[in-house]
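Here's the structure, in structure tokens; my notes come after.
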Amino acid sequence: MYPNPSQHDPHGQRNPYGPSFAPDGPSVDLRAQLASGVDQFMTRVNVWMAAGVGLTGLVAWLVSLDMSLVYMLLGTPLRWVVFLAPLIMVFVFAARVHKMKPGTAIAVFLLYAALNGLAFSSIFLVYNLGSIAMVFATTAVMYGSLALWGYATKRDLSAWGKFLFMGLIGLIVTGLLFMFVPSMMSSTMYLVYNVIGVLIFAGLTAYDTQKIKQIYLVNGGAGNLAISGALSLYLDFINLFLFLLRLFGSRD
């Protein structure tokens with residue numbers, strides 16, 4: 001599981017996307033201007049998210065075609081670099097994205113997505129291609145529905161933040177326990193773990209979508225908000241896909 005760096009604070013103690021909400025809000029004219037552009041902005045966020053997901057999948061598939069390369073990346077001590085480098089990179093990137101030039105932020109985001117593809121190449125060796133395609137399509141439909149609901153709903157989802165954050169921490173701790181104490185992982189616990197993972201990242205998809213929209217409506221797209229928002233939604237999509245794949249994927 002890849003943690004969402006925007007969730008490392010209890011959702012709201014620190015704004016990971018950009019400047020803090022203005023205390024008095026934007027002027028009437030600015031509010032009207034931002035409201036008229038929010039659809040285009042959220043489309044741009046999701047286009048970058050989709051570009052990242054597509055690049056990850058393409059790199060993973062291309063690497064999986066060369067077994068000697070897969071062995072070098074995942075069957076030797078180099079695997080620790082392959083798995084840990086993106087993890088470290090995403091936290092550093094999330095912390096510094098608003099200090100970067102737009103071109104640099106885009107390049108780093110795409111580099112991060114490509115690095116994830118190296119680790120994900122093993123998916124094509126474990127699961128059959130038809131199963132991967134089916135789960136990916138299911139993830140895309142779920143993501144699209146949840147993101148649309150998070151964007152359009154009048155319900156304030158901010159209260160979800162602390163519960164989703166606690167659930168995310170629980171997933172990370174449980175995943176580490178499964179990794180280092182495999183005897184703890186019964187088939188029932190594995191099933192429950194993955195079901196909870198799907199529910200948490202489904203919630204985060206709607207929550208993050210609304211949060212990005214609200215920040216834009218107050219502050220505009222300052223500080224590379226489109227790319228940092230795309231990063232959060234990319235992580236929501238990727239994790240949702242991985243948990244669904246473990247639940248419904250057919251292994252070769």
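Every number here is computed from the coordinates shown, using simple stated rules; none is lab data. Just so you know, these numbers come straight off a predicted model, no measurement behind them. A quick note on method: Cβ atoms are made from the backbone with ideal geometry, for glycine too, and the neighbour counts reach across all protein chains shown.
A compact table of results
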{"read-out": "Residue among GLY203, GLY37, GLY103 with the largest mean-square fluctuation in a Gaussian network model of the chain, springs linking Cα atoms under 10 Å", "value": "GLY103"}
{"read-out": "Helix-only [θ]222 nm of the chain, DSSP H runs n ≥ 4, -39500 (n - 2.57) each, per residue, nearest 500", "value": "-26000 deg cm²/dmol"}
{"read-out": "Signed unit charges on C-beta, dipole axis of the range 43-165, positive-most listed residue PRO86, THR76, TYR127", "value": "PRO86"}
{"read-out": "Ranked list, fewest to most other Cβ atoms within 10 Å of each Cβ, for ILE212, ILE132", "value": "ILE132, ILE212"}
{"read-out": "Ranked PHE237, PHE178, PHE41, PHE201, criterion: other C-beta atoms within 10 Å, fewest first", "value": "PHE178, PHE41, PHE237, PHE201"}
{"read-out": "Per-selection metrics, the range 50-123 (Cα): Rg and Dmax in Å", "value": "13.1, 40"}
{"read-out": "Cα-centred dipole magnitude for the chain, charges only on beta-carbon of K, R (+1) and D, E (-1), debye, nearest 20", "value": "220 debye"}
{"read-out": "Cα point-scatterer Debye curve for the chain, base-10 log of I(q)/I(0) at q = 0.10, 0.14, 0.16 Å⁻¹", "value": "-0.50, -0.97, -1.26"}
{"read-out": "Partners for LYS162 among lysines (Cα-Cα distance below 16 Å; same-chain residues under 8 apart left out)", "value": "LYS211"}
{"read-out": "Relative packing of 85-92, 43-50, which averages over residues the other C-beta atoms within 10 Å, highest first", "value": "43-50, 85-92"}
{"read-out": "Kyte-Doolittle mean at least -1.0, axial Cα span of 20 Å or more - DSSP H helices of the chain", "value": "28-64, 78-96, 102-120, 129-152, 160-180, 187-219, 225-248"}
